[in-house]
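One structure below.
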Amino acid sequence: MANDAWDMIERAKANGSVLRGLGAVGMSRSTAGEGEPEPYRLSQSPSHMLHRAEQLATDRFANLVDGALTLRQFAVLSAIADHPGLSQNDLVRATGVDRSTLTDMIRRLETRGLITKANSSADKRAHSVALAPPGAQLLAAATPHARAADAAILDALPRAKRRTFLTILTKLSKFADTTPAAETKPSGKKKKEREANPKKARR
């Protein structure tokens, strides 16, 4: 998997842009209107390889903390620790966790006594979130394991490639932060059109 990921990264660099490179790897002939589409190969799919890399990171962290926290729960606690008093909407933007998942996660963390919620002074309709003492203790205990999980992932890569790998991940993360959901998600009208006429949607 690491070799496939590095093949994708090198192709992206050769094209002069990470995002253009990712688009070029995933483009099929049908996009350009030339004949039959090529078979979709998971081994060449950037989205699939990123998903597999995420699974690796998640599993490494889970094994180290022995199930006390998930990697996303750790990310939420870290974001709260960095900026106490964030609203749940702020946490969605800070962590990338979708709204419905985050709402359920906040409820579970509050039930476990790891966080506290209070009415936001800036918006009466929102709640601000802060770490409770047990949450701060668990975050402090889990942080060395998060660093160890990061190190284990980087250790799987050639030393000379690690900085490039982190640079590319940073660019992709910033791209995700600045891309409105409307640009990556079809509107209700377009979705209905695709469902009604799938052949036209593939053009």
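Placing pseudo-labels 7 Å out from each Cα toward the beta carbon at Glu36 and Asn63 gives an inter-label distance of 4.2 nm. Each label was represented as a point 7 Å from its Cα along the Cα-to-Cβ direction; for Ser47 and Asp155 these points are 3.3 nm apart.
For a bin width of 10 Å, list the pair-distance distribution of region 68-157 built from all Cα-Cα distances, rounded to whole %. Pairs per bin, as whole percents: 17, 49, 25, 8, 1. Stretched out straight at 0.36 nm per residue, the stretch from Arg72 to Arg163 would grow longer than its current Cα-Cα span by 30.4 nm.
Relative contact order, whole percent, for region 32-162 stands at 24, derived from Cα pairs under 8 Å and 6 or more residues apart.
Only the coordinates and a few stated rules stand behind these numbers; no lab work does. All values reported here derive from a predicted model rather than from experimental measurement. With ideal geometry, Cβ positions are generated from the backbone for all residues, glycine too; neighbour counts draw on all protein chains shown.
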